[in-house]
Amino acid sequence: GRQADNDLYINQAIVFIEDAIQYRSINHRVDSKSLWLYRWYYSRTCQWILSLTITVILAVAFIEEPSSLTVTSDVRYRLPAWNPPCGLTESLELLCFLVFVGDVSVKSYLIGWKEFWKNKWLMAYILTLIVSLTDWIVSLSFFCTESLRIRRILRPFFLLQNSSMMKKTLKSINSTLPEMASVLLLLALHLSLFTMFAMLLFARTKDNQQDKEWVVYFRNLPDSLTSLLVLLTTANNPDVMIPAYSKNRAYSIFFILFTVLGNLFLMNLLTAIIYNQFRGYLLKSVQSSLFRRRLGVRAAFEVLSSLKDTPANAQQSYVSTEALQQVLQKVEMDSRCKQAIMRSLKMCSCDQLSAAQFQKLFEELDKDAIKQHPPSPEYQSHFMQKLQFAFGHPYFGYLGNVVALANIISICVVLVMDADKQPSERDDFFLGAINCFFILYYMLEMLLKVLAMGLRRYLSYPSHRFDGLLTVILLILEIATFAVYGFPHPGWRPEFMGLLSLWDMVRLVNMLIVFRFLRIIPNMKFMALVVTTLLDLVKNLRAFAGILLVVFYAFAITGIMLFKGAVVPLGNTRYKGNKFNTFVFSLWLNSFLQNVLSWCSADFQAEGMCCLLYLLSFNLICRWAKIYFVAWWLISSVIWVNLFVALLLENFIHKWDRRCHRESLSDIEYQRTVELMFRDVLEEPAEEELMEKLHQHPHLHLCR
């Protein structure tokens, strides 16, 4: 009936607006039951269960055989690792797989079977589940004794497919690969040519004493290529050139040319190309997100204009403000945005909204989140007003920074004086006394600021919350120290009592005081700009962190599958646990390689633990080791790090431009997202584009 149709249109508008808020596609079923299922699927509870399931399936690697549940990695001191009985981790996996089967079934149903066959991610999702379940059945049939588990390497896919931003980022990276490949090809050519030169320069001679360069680094083509590849990372510099340099200093020209061309030119050229290309593709991705938002809002307008109560108009469609208010009351959205839209709606004197007016109302979603600080208290007393002016003035904050600096300097002086003293010779009186003085000052400063600004305004600043929290912790620690060990006095070295010794308590206080010195950051504009850029990256670039986690996880599992038990340490057993025998150690070694710390560091080589070259000494796994480690270095250190640098530059440049073109507002904090970062350069989609896309909707049939 008429009321049922109106209810359906209202529910469709609610879902379309929620899609617009979350940048989701609107190409899903729009009948009553499907809309209920759709809202339930995207509810916080359902998404929380899905996120928990993904976390569990990834975390299983830490407890399944080979287990990582040991305190120390050194086999001399650790107890045998607890390995779960057959069926325990498999039961967890089965529960997770059942959730994923439900997830893919709901997704497939909601988009419709025609759209399903066009969706490559859903097809890959189903294929991954089929392979994982087949491998799980094989595992149980062998009573968990099989060494190869294919499903382990597929687990990161579940994280990847659940994040739309990660999929967009991956698509952007994929589009950037042709340009990156051209520079990588040039890098490979550079490496090959210099390898040939090296083999000719350092060829074997009759004098064995003069052949150290050939023996160690350039004996054959694979060794030569590997030596120069590691030199490209600067991990074996200057070791690789020392034998040749000892023979003839002119040989250093070869290594200098190789390093300058490879590191200074080609690697930086790669960074420049990645920055230029990836920024463009990310911009396109954000442009498509904006289109999705505008399309969702326009779809909501079109269905609301179809309400039976809306007066028909042959020329133009309209939506009643009453219908929009009804929709807004049920929409799940940020309270700030909802209130702003409702305010704008009340200020509008008209009873009906055109498409342009409707779209303009929802532009509130695109604006910066603004946090305005509460006002300071208004004192009637003239004396209190003077106190408020004095202690609320920026100079009082600068004085606090000077006092904090003096505290840091005094701690440094005491640490330098006591550096060579035995614990029995050390006198903690001076350090205890100055800490007591400075902590009392910090407490007084905090109370005076609260008096001047009011508690609500004081707590509205993150820097003040940080400062106040550390001051309270310091005061509690100081009171606990006095309660246990008494007040400071010359020769203050009481015996160990309670949980911590006096020296431990003093050290903990000093570490917190040093940490508290970070309060100066907001007072230094350039430093504050750098820090806020980094914080924005942490908050907004979760997609990059997710992709890095996927790569780390996949390579760690592959490392266990390829090299488990292959590395047997020689001689000293100090690094006996550092191999690919458990998931944690595999992650640890890969993190070292990502930072180019242990391709063949001297310490690791001495212990027989050179990560790459030691593995290459095994003839059976030589080729696999090369492919594995070079692929990891290329993906993590070359490609991913350069992508991160590109986004860091983009974020910093954007903030710098805004800082130069916008007046500083002390009481307002602007919070940016990735979409808002490019808001100034995005193009608004034309109405014709939106309507054409709406008419192509597989499940929504508009009247006009």
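The values are calculated or read from the model by the stated rules, or taken from the named source; none is laboratory data. Just so it is clear, the model here is predicted, and its values are computed rather than measured. Ideal geometry is used to build each Cβ from the backbone, glycine not excepted, and the neighbour counts take in all protein chains shown. These area figures cover heavy atoms from the full protein model, side chains too; ligands, DNA and RNA do not enter into them. Shrake-Rupley method; radii C 1.70, N 1.55, O 1.52, S 1.80 Å.
What is the packing order of peptides 391-402, 52-63, taking the mean over residues of other C-beta atoms within 10 Å and listing the highest first?
On the way: 391-402: 14.0, 52-63: 17.2.
Result, highest mean first: 52-63, 391-402.
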ask   = ³J(HN,Hα) across the range 456-472 via Karplus (A = 6.51, B = -1.76, C = 1.60, θ = phi - 60°), whole Hz, x for Gly/Pro?
value = 5, 5, 4, 6, 6, 9, x, 5, 6, 5, 4, 4, x, 4, 5, 5, 5
task = Go through the range 343-395 and name the GluC sites (Glu not before Pro) that are in a DSSP coil and have 14 or fewer other Cβ atoms within 10 Å of their Cβ.
result = Glu378
note = Gyration tensor on Cα atoms of the range 43-162, a ≥ b ≥ c root eigenvalues, a/c under 1.5 rounded, else prolate if a/b beats b/c, else oblate, says prolate
key: Residue pairs, from the table Lys33/Lys114; Lys284/Lys346; Lys330/Lys360; Lys107/Lys171; Lys171/Lys626; Lys33/Lys171, whose Cα atoms sit over 25 Å apart   = Lys284/Lys346; Lys171/Lys626; Lys33/Lys171
remark   = Karplus ³J(HN,Hα) for the range 28-44 (6.51 cos²θ - 1.76 cosθ + 1.60, θ = phi - 60°; Hz, whole; x = Gly/Pro) runs 9, 4, 10, 7, 4, 5, 5, 5, 5, 5, 4, 5, 5, 4, 8, 5, 4
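Provide the convex hull volume over Cα atoms per residue for the range 93-221, in Å³.
Spelled out: Cα convex hull of the range 93-221, divided by residues, is 183 Å³.
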inquiry  = Using a probe radius of 1.4 Å on heavy atoms only, what accessible surface per residue do you get for the range 172-285? Whole Å² is fine.
reply    = 54 Å²
query = In debye, nearest 20: dipole of the range 172-285 around its Cα centre with unit charges on the Cβ of K, R (+) and D, E (-)?
reply = 80 debye
inquiry  = Per q in 0.12, 0.23 Å⁻¹, report the Debye log10 I(q)/I(0) for the range 350-479, using one uniform scatterer on each alpha carbon and no solvent.
reply    = -0.67, -1.36
query = Based on the mean of other beta carbon atoms within 10 Å per residue, what is the order of 437-443, 380-386, most packed first?
reply = 437-443, 380-386
request  = Give the carbon-plus-sulfur fraction of the accessible surface of the range 172-285 in %, rounded to a whole number; probe 1.4 Å, heavy atoms of protein chains only.
outcome  = 64 percent
ask   = Computed from the mean reciprocal separation of all distinct C-alpha pairs, what Kirkwood hydrodynamic radius does the range 172-285 have, in Å?
value = 15.5 Å
ask   = By average Cβ neighbour count within 10 Å, what is the ranking of 544-557, 688-701 from highest down?
value = 544-557, 688-701
